[in-house]
1. Using all alpha carbons of segment 174-230, what is the percent of pairwise distances in each 10 Å bin, ordered from the shortest bin to the longest?
2. For ARG37 and VAL102, calculate 0.36 nm times their separation in residues minus their Cα-Cα distance, and state this gained length in nm to one decimal.
3. Could you calculate the contour length gain from ALA170 to LEU15, that is, 0.36 nm times the residue separation minus the distance between their Cα atoms, to one decimal place in nm?
4. Quick one: if you stick a label point 7 Å off each Cα along the C-beta vector at LEU69 and GLN178, how many nm between them?
5. Contour minus end-to-end for ASN212 and ALA55, with contour as 0.36 nm per residue of separation and end-to-end as the Cα-Cα distance?
6. Output the peptides 3-16, 46-59, 116-129 sorted from most to least packed, where packing is the average of other Cβ atoms within 10 Å over each peptide's residues.
7. In segment 1-98, what chymotrypsin sites (Phe, Trp or Tyr not before Pro) fall in a loop by DSSP, with at most 16 other Cβ atoms inside 10 Å?
8. Which three semi-axes in whole Å describe the equivalent ellipsoid of segment 67-167, each the square root of 5 times a Cα gyration tensor eigenvalue, listed largest first?
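Rule-based calculations on the coordinates, nothing more; no lab input. Keep in mind that what you see is a predicted model, and the values were worked out from it rather than measured. Glycine also receives a Cβ, built like all others from the backbone with ideal geometry; neighbour counts cover every protein chain displayed.
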Amino acid sequence: MIEALLVAVVAVLTLLVALAASAVRVLREYERAVVFRLGRMINTKGPGLVLLIPAIDRMVRVSLRTVTLNVPPQDIITRDNVTARVDAVVYFRVVDPNNAVVQVEDYLKATSQIAQTTLRSVLGKAELDSLLAERERLNEELQQIIDEQTEPWGVKVTTVEIKDVGIPQAMQHAMARQAQAERERRAKVINAEGEFQAAARLTEAADVISTNPTALQLRYLQTLHEIGINNNTTIAFPLPVDVIKPFLEAAGKTDEAAKELPRGNGTTPIVGAREQSRGEPQR
């Protein structure tokens with residue numbers, strides 16, 4: 001009889017301990033408890049010690065920390081018909097535990113699915129150049145769209161970042177050729193502009209030098225001096241035209257005078273005949 005009584009007491013104590021354990025919960029600072037009493041949501045409790053009515057109250061833990069969600073790589077077709085493989089990362093947190101539990105079955109899965117869908121739809125409207133060069137604008141657009149759709153669930157999307165954009169190998173080669181051609185075009189344009197500016201400066205210098213012929217000779221001698229700094233340099237010293245110009249002019253006048261003199265029938269000039277006439281008479 002006593003043994004049966006002891007067993008009954010032990011069973012009652014065990015049941016009381018189990019009930020007490022089920023009625024007491026301890027929540028961390030970043031956790032909140034959504035309590036349901038007989039199926040109806042009554043309040044949000046926590047953090048710290050939370051007391052529940054055994055067999056009547058049910059509690060759902062919700063974390064308020066920021067969640068890092070890796071969006072799986074998505075195959076998209078850009079606006080200019082280029083296939084790409086894009087993956088992203090989404091940062092969000094729960095701001096309303098009640099809606100996160102009541103309004104959606106699994107807010108983590110729901111946020112992941114809406115992020116994948118939005119990533120495909122938004123990036124599919126952008127061109128490849130925008131996808132590579134305007135990531136900040138696309139990130140802001142993605143964050144705004146996803147946040148508007150998850151707001152009724154009590155989820156706040158803080159940041160969306162596109163991690164990587166994978167394009168086919170053939171497209172990479174085409175883009176490399178395009179970039180090389182663009183650089184060559186810029187180099188040619190810069191070279192042409194340099195030639196134009198140099199020609200303009202040379203024209204101005206020629207106009208200045210043309211005012212004084214001596215300046216041209218001084219510039220010529222200065223150029224020879226700059227070339228002859230190196231002892232191994234062989235200089236071909238051409239004679240300036242201005243130096244021999246007087247001699248050429250004199251020679252040209254002499255030739256013209258000789259052409260104007262009349263000549264006789266034979267090979268002897270008439271000048272010689274006149275000289276003979278002044279002397280002895282011809283026989």
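1. Calculated over all Cα pairs of segment 174-230, the distribution is 20, 24, 24, 17, 12, 4 percent.
2. Values: separation 65, 0.36 × 65 = 23.40 nm, distance 1.39 nm.
Taking 0.36 nm per residue and subtracting the Cα distance, the gain is 22.0 nm.
3. Values: separation 155, 0.36 × 155 = 55.80 nm, distance 7.12 nm.
Full extension of this stretch gives 48.7 nm more.
4. Label at LEU69, label at GLN178, 3.3 nm between them.
5. On the way: separation 157, 0.36 × 157 = 56.52 nm, distance 11.40 nm.
Extra length from ASN212 to ALA55 when fully extended: 45.1 nm.
6. Details: 3-16: 9.7, 46-59: 14.3, 116-129: 16.8.
Ranking the peptides 3-16, 46-59, 116-129 by packing returns 116-129, 46-59, 3-16.
7. Values: sites: TYR30, PHE36, TYR91, PHE92; in loops: TYR30.
When the chymotrypsin sites (Phe, Trp or Tyr not before Pro) of segment 1-98 are filtered for loop state and at most 16 Cβ neighbours within 10 Å, TYR30 remain.
8. Values: eigenvalues 141, 28, 22 Å².
They are 27, 12, 11 Å, listed largest first.
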